[in-house]
């Protein structure tokens, strides 16, 4: 089936008006992800099944994020960027990447920021809504990826259910100068392929997202991570990163860093 | 936030308690140094996630100038101001307070606000974030 796309804002507005007040409830066979899920930190935990994990923090404080550039999952050019970011942070200059400067957070980077999320489930479309900057990700259900995915900030996500799990497969995530995978500004290329498995756990109190990342242009191996979110009773609040943000004007100072050239046509 | 007299890259950040990772780093603040500064509130900018306190205070030279303290997220999250007891009515222009903060590393007039002390000795802020696993507070009320 051909995937239809409409402008994000128009689609979201029309969808919300068309639906009944509550979310379209999942039927008995579909797992229910309704509610508000709060990501308390940006830390990626080790993958549940073992194996290579995400770049880990080496700075003593979480609010000055410095990643381990020697992590073996990183190809040399990516390690150089993580090292450079860490040096900037240690010198007192926040690294210039998307989440600092209010650009979009795609997957899995969107989970590298504390935020809240809601999941709106309808049979053909699952919409992930994030408090931070009212970002949305669309997951087109039970269909394959397009033959030629045009790279974009959020990429193309398709999904299906496996018992109690929502499986989301994303490709076509454009590699922009400000793109980031994690809290440490780890970069990627447009070959990035991310699989997320969402599952409610701990008696309904937690939402666990098991993430698998492949990018033969940036990483030496497939690696995994676990992002956990807590059920929250706090409604979304308005969150506008660009407002009163002194860091929004900083630009990437990576001119001399070896970056993979991205192939997005725009 | 004021750029004019303070110049480019004047930040203040509020860590009411130690923040978990935020959407931007706090690297520009000197976490090893804590300063207490007496002054007068000029303005509170309640914007989420970057709220600011503009504060008139005398530095080492005795000259009263404007300091900018970043206060971080207004609402939501473990260190949101609302969860530390801040309400709009708590901090008003003209209030004489003592601001405790981590100063900017570049030496400019500003920092990361930790807490505010009132003339009666009461303190707003300065508490640790609510630990993971604890139930969140009831739905965030709108600022009064």
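Here, each number is a calculation from the coordinates, and none is a lab measurement. Please read all numbers here as calculations on a predicted model, not as lab measurements. Neighbour counts run over all protein chains shown; Cβ positions are idealised from the backbone, glycine included.
Report, for segment A:82-199, the % of DSSP beta bridges that are antiparallel, rounded to 5. Antiparallel: roughly 85 percent of the beta bridges in segment A:82-199. Rounded to 0.05, the FRET efficiency of the residue A:238 and residue B:32 pair, given R0 = 30 Å and the Cβ-Cβ distance, is 0.30. Counting beta carbons within 10 Å around each of A:102, A:241 and listing the fewest first gives the order A:102, A:241. Counting neighbouring beta carbons within 10 Å and listing from fewest to most, the residues A:97, A:56, B:66 come out as A:56, B:66, A:97.
By the count of other C-beta atoms within 10 Å, a proxy for reagent exposure, A:88, A:129 are ordered fewest to most as A:129, A:88.
Between residue A:148 and residue A:77, the simple label model (points 7 Å from Cα in the Cβ direction) yields a spacing of 2.4 nm.
Available extension along the chain between residue A:167 and residue A:197 is 10.3 nm, counting 0.36 nm per residue and deducting the alpha carbon span. Express in whole angstrom the spacing between the alpha-carbon centres of segment A:67-119 and segment A:49-63. That distance is 12 Å. Geometric descriptor of segment B:35-125, per residue, is 90 Å³ (volume of the convex hull of the Cα atoms).
Between residue A:122 and residue B:89, the modelled labels are 4.3 nm apart [label points 7 Å from Cα along Cα→Cβ].
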